[in-house]
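Undergrad: Handing you a structure now.
Quick note: the coordinates plus some simple rules give every number you see, no bench work behind them. Just so you know, these numbers come straight off a predicted model, no measurement behind them. Note that each Cβ is placed from the backbone with ideal geometry, even for glycine, and that neighbours are counted across all protein chains shown.
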Amino acid sequence: GDASKGTYPFYMLKEIDEQPIVMRRLVKKYTNDRGEVELPKPLLAALKAADRLYIVAAGTSYHAGLVGKGLFEKLAGVPTEVHLASEFGYNQPLLSEKPLFIFLTQSGETADIRQVLVKVKAQGYPTLTITNVLSSTLAREADYQLGLYAGPEIAVASTKAYTAQVAVEALIAQGLGEAKNHREAEAFDVVHQLGLAAAGQQALIDQKDAIHDWATDLFSQSRNAFFIGRGTDYDVSLEAALKLKEISYVQAEGFAAGELKHGTIALIEQDTPVVAFISDPKTAAHTRSNADEIAARGAKVLRIATESQSSEEDQLVVDDIDPMLAPLLMIIPGQLLAYFTSFDRGYDVDRPRNLAKSVTVE
Ligand code: G6P
């Protein structure tokens, strides 16, 4: 069953492998047989009434929230802010007139998020928890709750919950956009896109061995690493860097590729490992030239690009998908690079030092 490791050495690898199944499961859970998104009526009414969405989260879930902002703004036309729960709790920003709060949380137990939920509920604002554990505290205490249906996630480093969160955000954004007759939602086919995501994820998972070789080449000797991209590729960079930090203890940072020249490039030395994510036609050429510039300064650059944006120098080519959903594919090599780096160093991949799966203290 879902909660056993089977023949896998670690839960994390099993959970990485389960992502295509989770994508397909979410399409079944959230759409009818005509391929239309179906959201609970009271939730849909609350979403339609909101003039702004506030996504509040921590860790990996926060990174999934960053991707959600683009989905809600483009597909549903609703301004969306993303906040770290631990910051929002003590420094509440100026709110819009009709906010709706979305708590993104794998466990549904994160204390930093709960304190925000308690505070905004006291102010009378509507709340939605999106979680993998529908019996959790945050699911029970919010007005509305939606499931991630990723199955139990045991490894401390979150993988399938992240891609499930992005997929559920896309489904909600499409459902809301259609309910508002928003043109972008009507032109978007979330079912088709999530199908592309599942197939593209599988194609990447099938290239595990090559990604293992890249992990060895890039990170076996290094104490630091950089991930770069623009747009959703920047969101992925933050999450890929977090994965590497959490389980392999390599100091890793995600940077907006265009910001390199404004400071970060000073860090580049001979053989500094850099991973460049290139999926968005709007910015692919720019990111590519940023990658060339750091390669010229001696960095070891692994370029990961979607098929239509790829060029000969790219080591890994990813299936095409709408750039809003590129993180569903781009993060797979990010997860696998972190996994193999940790594994090769002989660490307990599933139980990294100093970390807990869910943090129930502030
Ligand atoms: C902990 C975990 C992270 C996770 C974060 C948020 O710090 O180690 O992997 O992303 O909590 O957890 P949540 O359950 O709220 O998504």
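Undergrad: Towards the positive end of the charge dipole of the chain, with charges on Cβ (+1 Lys, Arg; -1 Asp, Glu), say which of Ala173, Ile247, Leu117 has the farthest Cα.
TA: Leu117
Undergrad: Please work out how much length the chain gains when fully extended from Thr264 to Val359, using 0.36 nm per residue of separation minus the C-alpha to C-alpha distance, in nm with one decimal.
TA: Extra length available between Thr264 and Val359 comes to 31.1 nm.
Undergrad: Right, next: About the Cα centre of the chain, how large is the charge dipole given +1 on each Lys and Arg Cβ and -1 on each Asp and Glu Cβ? Please answer in debye to the nearest 20.
TA: 940
Undergrad: Here's a follow-up. Given points 7 Å out from each Cα along the Cα-Cβ axis, report the Ala3 to Ser311 separation in nanometres with one decimal.
TA: 5.1
Undergrad: Let me ask you something else. Helix 190-205 sits at what angle to the longest principal axis of the chain, using alpha carbons and giving 0 to 90 degrees rounded to 10?
TA: 30
Undergrad: Pull up the DSSP beta bridges for the chain and report the antiparallel fraction as a percent, rounded to 5.
TA: Taking every DSSP beta bridge with both residues in the chain, the antiparallel ones total about 5 percent.
Undergrad: Count neighbours as other Cβ atoms within 10 Å of each site's Cβ, and list the chymotrypsin sites (Phe, Trp or Tyr not before Pro) in the stretch 86-150 that are DSSP loop with at most 14 such neighbours.
TA: When the chymotrypsin sites (Phe, Trp or Tyr not before Pro) of the stretch 86-150 are filtered for loop state and at most 14 Cβ neighbours within 10 Å, Tyr90 remain.
Undergrad: Fewest first, what order do Asp209, Asp51 take by the number of other Cβ atoms within 10 Å?
TA: Going from least to most buried by this count: Asp209, Asp51.
Undergrad: Only loop residues by DSSP count here, and only those with at most 13 other Cβ atoms within 10 Å; note down the trypsin sites (Lys or Arg not before Pro) in the stretch 332-362 that meet that.
TA: Loop-located and lightly packed - Arg353.
Undergrad: If you don't mind, there's one more thing I want to ask. When the chain is treated as a GNM, springs tying every alpha-carbon pair under 10 Å, which of Asn290, Asn91, Asn181 comes out with the largest mean-square fluctuation?
TA: Fluctuation is largest for Asn91.
Undergrad: Using the per-residue mean of other Cβ atoms lying within 10 Å as a proxy for protection, in what order, highest first, do the peptides 153-160, 66-73 fall?
TA: In descending order of packing, they fall as 153-160, 66-73.
Undergrad: Taking the mean number of other Cβ atoms within 10 Å as a proxy for protection, how do you rank 28-40, 221-233 from highest to lowest?
TA: In decreasing order of mean packing, 28-40, 221-233 become 221-233, 28-40.
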